[in-house]
Amino acid sequence: MQKILIRGGRALRGTVAVSGSKNAGLPLLFASLLTPERCTIRGLPRVADVTTSLRLLERLGALVGDGEFSTIVVEARTLTSSEAPYDLVKTMRASFLTLGPLVARTGRARVSTPGGCAIGSRPVDIHLAGLERLGARICQAHGYVEAEAPRLRGARITLDFPSVGATENVMMAATLAEGTTVIENAAREPEIGDLAAALGAMGARIDGAGTSVVRIEGVRELGGFDHAVVPDRIEAGTLLLAGAITGGEVHVAGARADHLDALVAKLEEVGVAIEARADGITVRGAQALGRADVRTAPYPGFPTDLQAQFMALMTLGDGQSVITETIFENRFMHVQELVRMGADVRVDGRSAAVRGVATLSGAPVMATDLRASVCLVLAGLAAHNTTEVSRIYHLDRGYERLEEKLSALGADIARVRT
């Protein structure tokens, strides 16, 4: 077991490079199942979810190799299995994205119902309804979803919710379907546009990615691709918040302000200075933090994946902020740990009232999910004395060398074995 020790109170200063997006990279890995040709993905972060995805691709029969730097090469020339087993799927929800590509290319798929962070129910019904509209026969039994179709057929699909995963699953499946597919109420996140760009390089015909209506003209076969993933907007936002909560000055190289409009607006609202340039974003901490209410929403709204980190910042704001979580019903599990550090937070259903305090104090705390873990790291950076964050395997699912990046900015942070 490992934990992270943080001796807080240091203002972070310097430049740090944002990694490639995990949430963009994982769908690209599974898109490689659509073709027997070689697929090269550049800029993948070396995080636990990527490692799990590569093991799953190998289990399905794909050949996986490392290129230079953060490059992965996948060649699914011969698929020996169409089953994504529980032992790999249980730790990572994104593995459910194998369903669409497998049934589209091989005519069948058997995928375990997914796991991941315990932040809400996150049902897969939207994925399945979309694939059924494409003509797949769906059966659920014994913890698995089975899908079969000789060849999928294009259809008009209206998603009940603009789910990123469902949009990606249906979009990938539709590339090999017969005819035209239209996805209405599609997710608009930058990761959708990134996946569409890679699919386009494979020969797919996709229009409207990044809008609420996506149109896909099915083709008979797809080729390979060579694609660099977009920068990780959630990691970039986390690093900006690290600079803000410590009152420092941090330049996040590679961060894209056009992917972080909602966060930038809230940081400016509480008095944090933001400078967006072509090469990244610079944050300068405020002399006195103000307050801001936040309501999470699908993109381009405030990201649910930055809600916990922004709450950490607001524990030191002047006055009361109300943070409302609309995406996941259990995404306030970090609150009790922040309270252990001296924060004043009260939860009422889907909303949390955060009344700013003068200081946080270090304490032993426990991570409950991926974003909650980094929220506690941010709180520890600003707190007096030492904070111990345990169960950091959650952190390793989504952040690449986070303690090294923070240490290079001046943080007193270390990973230790227990």
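The values are calculated or read from the model by the stated rules, or taken from the named source; none is laboratory data. Quantities reported herein were computed from a predicted structural model and do not represent experimental measurements. We place every Cβ from the backbone using ideal geometry, glycine too, and count neighbours over all the protein chains shown.
Specify which of the listed residues (350, 340) is charged (D, E, K, R) and out of contact with any Asp or Glu (no Cβ under 9 Å at 6 or more places or on another chain).
340
Considering only strands (runs of 3 or more DSSP E) fully contained in segment 321-418, which possess at least 1 residues that are in contact (Cβ under 8 Å) with a residue 24 or more places away in the chain and within 30 Å of residue 24 (Cα to Cα)?
The strands (runs of 3 or more DSSP E) meeting that bar are 351-355, 364-366, 386-390, 412-417.
Is it true that residue 358 is out of contact with any strand residue (DSSP E or B) (no Cβ under 7 Å at 6 or more places or on another chain) and more than 25 Å from residue 44 (Cβ to Cβ)?
So residue 358 fits the description; yes.
Which residues, counting only those in segment 352-367, are at pLDDT below 95 and crowded, with 24+ Cβ neighbours inside 10 Å?
367
I need the helices (runs of 4 or more DSSP H) fully contained in segment 109-227, keeping only those with at least 2 residues that are of a type in the set (D, E, K, R).
Ranges flagged: 125-133, 190-201.
All but one of (1) farther than 30 Å from residue 151 by Cβ; (2) at pLDDT 95 or above; (3) outside the structural domain of residue 411 (by TED's automatic domain parsing); (4) among the aliphatic types (A, V, I, L, M) hold for residue 62; which doesn't?
(1)
Take the residues in segment 369-418 that are surrounded by 16 or more Cβ atoms within 10 Å (Cβ to Cβ) and among the hydroxyl-bearing types (Ser, Thr, Tyr); name whichever of them is farthest from residue 247 (Cα to Cα).
Looking at the filtered set, the residue picked out is 390.
Is it fair to say residue 291 is within 16 Å of residue 241 (Cβ to Cβ), surrounded by fewer than 20 Cβ atoms within 10 Å (Cβ to Cβ) and in the same structural domain as residue 239 (by TED's automatic domain parsing)?
yes
Within the group 104, 94, 48, which residue is modelled with pLDDT of 90 or more and small (Gly, Ala, Ser)?
Sole residue among the options that is modelled with pLDDT of 90 or more and small (Gly, Ala, Ser): 104.
Please tell me if residue 298 is surrounded by fewer than 20 Cβ atoms within 10 Å (Cβ to Cβ) and in contact (Cβ under 8 Å) with a residue 60 or more places away in the chain.
Taking the combined requirement at face value, the residue satisfies it.
Restrict the check to segment 162-184 and report whether at least one residue is touching a strand residue (DSSP E or B) at 6+ places or on another chain (Cβ under 9 Å), among the charged types (D, E, K, R) and within 25 Å of residue 138 (Cβ to Cβ).
yes
So which residues in segment 323-339 are surrounded by fewer than 16 Cβ atoms within 10 Å (Cβ to Cβ) and among the charged types (D, E, K, R)?
329
Taking segment 249-288 as the region of interest, how many residues are surrounded by 22 or more Cβ atoms within 10 Å (Cβ to Cβ), part of a helix (DSSP H, G or I) and out of contact with any Pro (no Cβ under 8 Å at 6 or more places or on another chain)?
Residues flagged as surrounded by 22 or more Cβ atoms within 10 Å (Cβ to Cβ), part of a helix (DSSP H, G or I) and out of contact with any Pro (no Cβ under 8 Å at 6 or more places or on another chain) within segment 249-288 amount to 1.
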